[in-house]
Amino acid sequence: ATPVVSGQTIIYSAQNRGVNAIRIEKTEDGYVANPLWTNEDLSTAFNSPVLVGDHLFGISYRTNLYCLDVQTGKPLWIDEATHERFGTVVAAGSALFALPSNGVLTAYELSGDGYRQLGQYKVSDSPTYSYPVVSGSRIYVQDQNAITAWGVE
């Protein structure tokens, strides 16, 4: 997973290694990484989480969508649906879009208050391994065979 940077804080994760946060601070001798928190119950598998404000959204290695408080590392919610380990999460406006490799795009509310699914759509019959691109009222999805455009209302 690609680390997420917020100011002096770096949040990183890997399969079976939890989600971790460190703060980089300058000292007289250089720089030091001070641990802030670790959440061993959640890890990413084959995806990078996205940071929106004080919330980190991702897909766990257990295949659930989740939201963490980046100040404490505590989960604010974990959905109960099963997705895929490989997938992407994209924030766009007031929504998040998760696209696992099975080609089922899930739109959900950008909120730390609880998981609320807005819709779920089968956008590909072949595996998807790239991020969906959200532009205006369209979502572009690339699978192994083509790029398709989907309208959002």
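The values are calculated or read from the model by the stated rules, or taken from the named source; none is laboratory data. All values derive from a computational prediction rather than experimental measurement. Heavy atoms of the whole protein, side chains included, go into the accessibility calculation; ligands, DNA and RNA do not. Shrake-Rupley method; radii C 1.70, N 1.55, O 1.52, S 1.80 Å.
Maximal additional length on extending the Asn145-Glu25 stretch stands at 38.5 nm, based on 0.36 nm per residue less the C-alpha distance.
Here the extension length gained between Lys122 and Phe46 equals 25.3 nm, from 0.36 nm per residue of separation less the Cα-Cα distance.
Per residue, the chain exposes 55 Å² of accessible surface when a 1.4 Å probe is rolled over the protein heavy atoms with every protein chain present.
Expressed as a whole percent, the accessible surface of the chain that belongs to carbon and sulfur atoms is 47, based on a 1.4 Å probe.
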